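The values are calculated or read from the model by the stated rules, or taken from the named source; none is laboratory data. Quick caveat: nothing in here was measured; it's all calculated off a predicted structure. For neighbour counting, all protein chains shown are included, and Cβ atoms are generated from backbone atoms with ideal geometry for every residue, glycine included. Just so you know, the surface numbers come from the protein's heavy atoms only, side chains and all, with ligands and any DNA or RNA stripped out. Shrake-Rupley method; radii C 1.70, N 1.55, O 1.52, S 1.80 Å.
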Amino acid sequence: MMLKIAFRNIFRQKRRTILTALAMIVGFTLSSIVIGLSDGAYSNVIEMFTGNRIGHIQVHRAGYHDKPSIYKTISNYESIGKMIQNEDGVEAWTPRIYTGGLGSVDERSTAVRIIGIDVARENIATNFNKKVIEGNTLSETALHEVVIGEKLAKTLAATLGSKIVLFSQAADGSIANDEYTIVGIADSGDDITNRVACYLHIDDVQELFVLEGRVHEIVVIVSNINKVERISNAITERLHDTSLEVLPWYQVVKSFYDAMQKDKQGDAVARFIIVFIVAIGVLNTVLMSVMERTREYGVLKAVGTKPIQVFWLVIYEVVIITMGSIVIGAMLGVFFNYLLSVYGVSYAEGFTLAGVEFGKMYAEVNVACLLVPATTVFVSAVVVSLFPAIKAARIMPARAMRIH
Amino acid sequence: MNQTEKIDVITAEGVTKVYDADGIPVNALNGVDLTIQAGEFTAIVGPSGSGKTTFLNIISGLDAPTEGKVSLAGKVISEMSGNELSDYRRDNIGFIFQAYNLIPVLTVEENVEYIMLLAGVPKAERHKRVIDILKVVGLEGVEDRLPTQLSGGQQQRVAIARAMVSEPTIILADEPTANLDSKTGADLLEMMRKLNTETGMTYLFSTHDPLVMERAKRLITLRDGLVESDEARE
Ligand SMILES: Nc1ncnc2c1ncn2[C@@H]1O[C@H](COP(=O)(O)OP(=O)(O)O)[C@@H](O)[C@H]1O
Ligand SMILES: [Mg+2]
């Protein structure tokens, strides 16, 4: 019954309804965009950091992550890879070998990091071929080719076609020493890697270091990064091997992850401020619309409406307008966040984080960008209307109707 | 109804009201004793500011007295809860205000049926009673209009229909003719007088309109918050 009157009020007082709804819709949409953008920025950072480099999950011989060593290897990596591939949500996997050594081109020498990769798998998993900015990527069969980092090429004054001699100690203690042809120069997206990386075909590295059939790392790419924890646990369970460690990305780059969490706390403050502003805006409009109708509530009470009914009338009206506003705001929020996720907005100035460069910010359409504004608008509207609703319910009709 | 029954509808004993006007106390009523009996057609008269509106508000529980006791059909208002009072007003009192005070977002029919909605009267009966009462007040065919689309006289007729539709024990009308031209005012008064005679419904007006005074069966004069005179007419 009061619901019916509430609907009538809403539809027959269009100006007031539109004004109130507008405040809510604008607040909703704005906070939705802010959340979408900031979440998008974080996801972007994470994706840049993980997807093309460290992967989402890494599998090693237990203890390798804390203290890497050429001897901590995984031997049956093909079968492990197959088991991982069978896990729900896993998109790709790729094996890697890491060793160090000395690289020389003609007279120049420097310390290098030798990375053995399965070219075909690495292309699928981390887009390795796209990192090659000059020359060609490695062949899928082992041909004594090498792709070196951009800055390493400068240090060694190496050009495409130069020969690089790699010198190190093999796993069996013998001297590892061989010559490779530089076929490509890569920009891996991070500074340190660019200074030291020598990418070789995995078979070449296994041969050079006497590590036949063994790798140091299996990188796993999942289709949804938010499910990393679950998938990582599932892999641990499936492998059922305590001599292996399965690490989600946030354990692999713990310091980066911790720094990001800190930054997120700062962001939470910014969010709170926005939420607060939206709440104030809603408070203002709701309060105004109730206050300007004091007389009407006085009449309702004078003709016999119970206080509680007047209370509900105020609440119903606010709730109905709020619901409508949330629906419209949600559509607008999704629409704008979608646009921003496709086209992005440029940062005032680009920045580099952990060696990764960022120039544009892309939004993300997620649950938070709808749920947070919806909760904000709803809770603030209802909380805010409680006070005027109680006031309207307790109004002395004589006072409310008095004409001056 | 038999007028010799002399049922007390309203009893006011020693009612005072002191308003606080920005810190300055205003004595609106200074001890009013009055009894209104069933079937009366009574006018409270007095100059502006003599306390007429205040008295009507207090006897209907729209405002609380500073001192004194008001009983509605034997029940003391100050002892009723907010809900009891609401129900009591809904079932026993019909209001007609000087400023009409219709609900602006509701149509004529919705305004008139509002109290019956509160009382839970079924839809079909509500509609029938609305149509009947609109005929009585001479407002056929405007059921679906909004108050803003009506003249002052028409709005006051709607207000009268709203006050009478639930057949209350008493109708309280605060200067009902003040905003109307004298012809319209006279018509409405004739109509109410007729209803009073035919149905025995009790009417209590506040007014300084001679039109109302002429037709009242009892005239109570207020001055400075006190009953100055109280005379039966005819
Ligand atoms: N809410 C109020 N606050 C302060 N003074 C009031 C209030 N209502 C009425 N008054 C004062 O009380 C006196 C009686 O007013 P009222 O009952 O409206 O008289 P009437 O209806 O006879 O014109 C007047 O002096 C008026 O100014
Ligand atoms: Mg008055």
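So here's what we get for this one:
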item: Cα-based helix-to-principal-axis angle, A:254-291 vs chain A, degrees rounded to 10; result: 10
item: Contact order relative to length of the stretch A:81-236, as percent, for alpha carbon pairs under 8 angstrom and 6 or more apart; result: 33
item: Sequence-separation-based contact order of chain B, relative, with Cα cut under 8 Å and 6+ spacing, percent; result: 29
item: Formal net charge of residues neighbouring residue B:69 (Cβ-Cβ distance under 12 Å; K, R +1; D, E -1); result: -3
item: Summed buried accessible area for A+B [probe radius 1.4 Å, Å², rounded to 100]; result: 2400
item: Of A:200, A:171, A:188, farthest towards positive along the dipole that unit charges on Lys, Arg, Asp, Glu beta carbons give the stretch A:63-241; result: A:188
item: Centre separation in Å (Cα based) which lies between the stretch A:113-174 and the stretch A:185-236; result: 13
item: Cα centroid separation, the stretch A:1-22 to the stretch B:28-85 (Å); result: 35
item: Residue (of B:148, A:95, A:117) at the positive-pole extreme of the protein assembly as shown, dipole from beta-carbon charges; result: B:148
item: Delta accessible area of at least 10 Å² on complex formation, residues of the stretch A:1-43, 1.4 Å probe, chain isolated as reference; result: A:1, A:4, A:5, A:8, A:9, A:12, A:13
item: At least 40 Å² accessible surface lost relative to isolated chain, residues of the stretch B:116-134 (1.4 Å probe); result: B:117, B:118
item: DSSP loop GluC sites (Glu not before Pro) with at most 10 other Cβ within 10 Å excluded, longest remaining stretch of chain A; result: A:293-404
item: Within 10 Å of each Cβ in B:95-107, the average number of Cβ atoms from other chains; result: 5
item: 5 angstrom amide H check on residue B:9, placed H, neighbours 5+ away; result: B:36, B:37, B:38
item: Within chain B, helix-based [θ] at 222 nm, where runs of 4 or more DSSP H residues each add -39,500 (n - 2.57), nearest 500; result: -11000 deg cm²/dmol
item: About the Cα centre, charge dipole magnitude for the stretch A:48-171 (Lys/Arg +1, Asp/Glu -1 at Cβ), debye; result: 380
item: Relative contact order (percent, whole number), chain A, Cα cutoff 8 Å, 6+ residue spacing; result: 27
item: Residue A:338 accessible area, 1.4 Å probe, all protein chains in place, Å² to nearest 10; result: 140
item: Charge sum, other residues only, whose C-beta stays under 14 Å from residue A:63's C-beta, Lys/Arg counted +1 and Asp/Glu -1; result: -1
item: Sites matching chymotrypsin sites (Phe, Trp or Tyr not before Pro) across the stretch A:27-125 that sit in DSSP coil, with at most 14 neighbouring C-beta atoms within 10 Å; result: A:71
item: Chain A - percent of accessible surface contributed by carbon and sulfur, probe 1.4 Å; result: 60
item: Rounded to the nearest 20 debye, dipole of chain A from Cβ charges on Lys, Arg, Asp, Glu; result: 3960
item: The stretch A:1-146 - accessible surface per residue (Å², probe 1.4 Å); result: 45
item: Phi to ³J(HN,Hα) by Karplus 6.51 cos²θ - 1.76 cosθ + 1.60 over the stretch A:328-341, Hz, x for Gly, Pro; result: 5, x, 5, 5, 5, x, 4, 4, 5, 5, 5, 4, 5, 7
item: Heavy-atom accessible area, 1.4 Å probe, ligands and nucleic acids excluded: residues of the stretch A:361-404 down by at least 40 Å² from chain alone; result: A:396, A:398, A:401
